[in-house]
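First comes the structure, then the notes that go with it.
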Amino acid sequence: MSSALEAPVGQRELSIDILYTGGTFGMVDHGDGLHPRKGIGEEIATVVREFAAGSGIPVGLRYTELDEVIDSANADHDTARRIAARVRSRLTDHCDGVIVIHGTDTMAYVGARMAFELHDIPVPVMLTGAQIPLGQRGSDARDNLWMALDSIANQPGPGTFIAFGAAVHPAVRASKRSADGYDAFVTLRKYTPPATRALPAAWPGETTSPVGLFTAFPGMDPDLLDVALRIYHGGVVLECYGAGTMPMHGSATVEAVRRAADRGTPVVVITHCDSGSVDLALYRPGRALLDAGALPGGDMTREAALAKLSYLAALNLPSTELRRMLTTNLLGELTDHPHIDEN
Ligand code: ASP
């Protein structure tokens, strides 16, 4: 679907591509719980038309939907890559920006992965969604779509962002932290993209080796970690306490990590804290993880760490290159360059 909205003669039109993937934004409840519906293009066009009239910015809209719109809780390991490929395939020379309407539950995970997948495109990508469906009382859907449109109009630099509530968050630093608030997302830590981006130009295919996330907790059975490291043999983000500690269970935890590293499974340690960074040299558990072959994930969010590891795993890089990339700030997902022992 394509349409020009409120474009006065002679005034430059903002050319926007909108992709609707599902989420609460377009959901309905027929008595059995909210679920996404298809065919909301006319409602979107109405909101965009209102934005054009209200802001005085004429908008040229191209709109499409995924064949199957989903509750984003059902996002799988390949959802973000598929959405990114769809965005890329629809890009035109005239496009000023792309808006992806997505469920909030996995928006930060999908957005972070899309930031890596689409790191080389010249226009901004704004993910947005809603806590309350479009058209319902108190809905934030219209305001959030306005926010995304306004952000593209006023901040036309490339990058992938989440436009939601009162703020625009860099996807590689974003996290959903409210189940029901209008400001559902936060930006964790400073966003400092490097001056020159060091990502390989290669275009990854579908991730074949599964990549996962494991969170440490008191009472954690090291066998559970061992199983996770075997299932997610493409790589595991290990979300530890504080500076990068976790229950050691004698040597069981470290041996599980060592076996994984020996099998070629990268293990990236991050902290579950909202600020600060892992420092694996500080405590004995951290040192033991480092000695076993774990990699310091610096101050990456869990969403960005999982996205980065999945993206890099799909590139099939030599292991030293993979280690270097994982510990290097590629898109602003890391503040610093954590120390890495290359022995
Ligand atoms: N469960 C919904 C989803 O993520 C929540 C939302 O969109 O706000 O698709």
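Read-outs: derived from the displayed coordinates by stated rules, not from any lab. Small disclaimer: the values here were computed from a predicted structure and weren't measured. Positions of Cβ are generated from backbone atoms using ideal geometry, with glycine treated the same way; all protein chains shown enter the neighbour counts.
Based on other C-beta atoms within 10 Å, arrange 272, 169 from fewest to most.
Lowest to highest Cβ neighbour count: 272, 169.
So if R0 is 41 Å, what FRET efficiency would residue 43 and residue 252 give, r being the distance between their Cβ atoms, rounded to the nearest 0.05?
Efficiency for this residue pair is about 0.15.
Using modelled amide H (1.01 Å from N, peptide plane; none on Pro or chain starts), what sits under 5 Å from the amide H of residue 18, excluding residues fewer than 5 places away?
62, 63, 64, 99
HN-Hα J couplings of the stretch 219-230 from phi, Karplus 6.51/-1.76/1.60, θ = phi - 60°, integer Hz, Gly and Pro as x?
In residue order, the calculated couplings are x, 4, 7, x, 5, 5, 4, 4, 5, 4, 5, 7 Hz.
Shape verdict for the stretch 16-169, please, from the Cα gyration tensor: rounded (a/c under 1.5), prolate (a/b greater than b/c) or oblate.
oblate
Please build a GNM for the chain, connecting alpha carbons under 10 Å apart, and tell me which residue among 74, 144, 329 fluctuates the most.
74
Apply the Karplus parameterisation 6.51 cos²θ - 1.76 cosθ + 1.60, with θ equal to phi minus 60°, to every residue of the stretch 272-281 and state each ³J(HN,Hα) to the nearest whole Hz, in sequence, with x for glycine and proline.
Once rounded to whole Hz, the list reads 7, 6, 7, 9, x, 9, 5, 9, 6, 7.
Compute the signed sum of charges (Lys and Arg +1, Asp and Glu -1) over the other residues within less than 10 Å, Cβ to Cβ, of residue 109.
+1
Pull up all non-local amide H partners of residue 295: gap of 5 or more, or a different chain, and H-to-H distance under 5 Å with H placed in the peptide plane.
Counting only residues 5 or more places away or on other chains, the set is 267, 268, 269.
Per-residue ellipticity at 222 nm for the chain, helices alone: DSSP H runs ≥ 4 residues times -39500 (n - 2.57), over residue total, nearest 500 deg cm²/dmol?
Theoretical 222 nm ellipticity from helices: -9000 deg cm²/dmol.
Give the average over all directions of the projected area of the C-alpha convex hull of the stretch 207-302, one decimal, in nm².
For the stretch 207-302, averaging the hull's shadow over all directions gives 5.4 nm².
May I ask you to list the aspartates and glutamates whose Cα is less than 16 Å away from that of residue 190, ignoring any residue fewer than eight positions away on the same chain?
274, 299, 303, 333, 336
If Lys and Arg each add +1 and Asp and Glu each add -1, what is the summed charge of the other residues whose beta carbon sits under 14 Å from the beta carbon of residue 91?
-1
Could you line up 77, 249 from fewest to most neighbouring Cβ atoms inside 10 Å?
Ranking 77, 249 by Cβ neighbours within 10 Å, fewest first, gives 249, 77.
May I ask you to sort 134, 326 by Cβ crowding, counting other Cβ atoms within 10 Å and putting the fewest first?
By the 10 Å Cβ count, ascending, the order reads 134, 326.
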